[in-house]
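Single-structure report; data block below.
The values are calculated or read from the model by the stated rules, or taken from the named source; none is laboratory data. Keep in mind it's a predicted model, so treat the numbers as computed, not measured. Because the Cβ atoms are built from the backbone with ideal geometry, glycine has one as well, and the counts that use them run over all protein chains shown.
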Ligand code: AMP
Ligand code: MG
């Protein structure tokens with residue numbers, strides 16, 4: 001995994017592009033971002049156009065150091081200070097009241113702004129050299145799987161984004177934890193690598209209200225982070241049986257599991273992503289992209305364990321699945337169980 005710094009001339013070229021109002025894709029520790037000069041409304045608008053993202057869905061402003069926060073936020077409450085101190089640079093985004101100068105194109109017309117200090121050395125190089133804020137969502141078409149490698153950015157945008165800084169594979173692989181510090185009680189708007197208990201160790205009163213409607217978080221749309229192939233979440237016990245049924249007519253299926261298959265099947269592509277949440281998360285989007293290209297009619301994802309270590313993964317999978325596909329229990333399998341009990345299926 002390459003996370004080294006880039007030669008200065010590459011950074012300088014990216015800075016020139018940003019100053020000219022062009023977009024630059026750059027690595028962060030979470031996913032690759034599609035960046036624009038946050039003080040250039042035309043450049044910011046290009047991000048929305050290129051992604052096909054609705055104008056009401058805000059972008060995160062990336063800054064090189066917490067001290068820049070005062071430029072973007074009207075006020076920084078003590079909880080936000082404490083979180084910034086503990087987790088920046090890192091995979092935490094803070095939502096605060098916006099400073100008057102913050103362009104409404106970035107905030108999706110809202111009075112709040114999302115800010116983050118990324119830790120990736122190349123993101124840091126770029127932000128320092130640019131010397132100002134970079135507004136960036138994930139570098140993918142709206143609603144699709146986020147990129148964790150430069151080749152993903154190329155798959156998404158090709159020549160439309162000429163400057164792509166290569167920082168290797170993203171270490172975390174899932175988008176940042178978003179915490180709103182706008183109201184008296186800070187709230188988690190999107191789960192990420194920083195867990196609720198880690199946040200509460202710093203600010204005990206934080207609550208977890210994912211899916212809350214205000215302020216808007218694109219990642220909270222019902223369908224997001226989605227491959228093109230329909231995706232269903234399937235209980236581990238029924239996985240092989242669902243595969244058997246879906247391949248009965250020799251159609252292909254793709255499986256993302258935490259274990260090896262218990263039965264061979266030449267019509268399936270099976271990825272064993274293992275049982276370690278951190279590694280599973282890092283490879284999730286790569287794996288979804290691989291399975292999406294396998295020519296399968298459906299992607300089956302083994303349901304991940306309960307518990308906060310899996311919160312971010314569970315959240316992304318739930319949104320990648322079509323709502324009605326969360327936990328498929330085939331009627332035939334239910335019948336099988338009724339006839340023979342749970343034992344007919346592998347534990
Ligand atoms: P993306 O990485 O493409 O999901 O885009 C950046 C993320 O930051 C999105 O999920 C945004 O909704 C979130 N975000 C940006 N500004 C705000 C805000 N004011 N309130 C809530 N979420 C925000
Ligand atoms: Mg995104």
Might you check whether a residue that is within 11 Å of ligand 1 (Cβ to nearest atom), closer than 17 Å to residue 201 by Cα and either assigned to a strand (DSSP E or B) or modelled with pLDDT under 95 (or both) occurs anywhere in the stretch 100-122?
-> no
Residue pairs qualifying under the 7 Å Cβ cut-off, at least six apart or on distinct chains, with the first in the stretch 223-236 being more than 19 Å from residue 290 (Cα to Cα) and the second being within 14 Å of ligand 2 (Cβ to nearest atom), are 223/143; 223/319
Determine whether residue 22 is away from ligand 2 (no atom under 15 Å from the Cβ), part of a loop (DSSP other than H, G, I, E, B) and either under 15 Å from residue 127 (Cβ atoms) or out of contact with any helix residue (DSSP H, G or I) (no Cβ under 6 Å at 6 or more places or on another chain) (or both). yes
Heads up, the strands (runs of 3 or more DSSP E) in the stretch 132-215 (entirely inside) with at least 2 residues that are surrounded by fewer than 23 Cβ atoms within 10 Å (Cβ to Cβ) are 187-190
Query raised in the report: Is it the case that the stretch 74-93 has a residue that's within 16 Å of ligand 2 (Cβ to nearest atom), surrounded by fewer than 22 Cβ atoms within 10 Å (Cβ to Cβ), in contact (Cβ under 8 Å) with a residue 24 or more places away in the chain and more than 18 Å from the chain's Cα centre (by Cα)?
Result: no
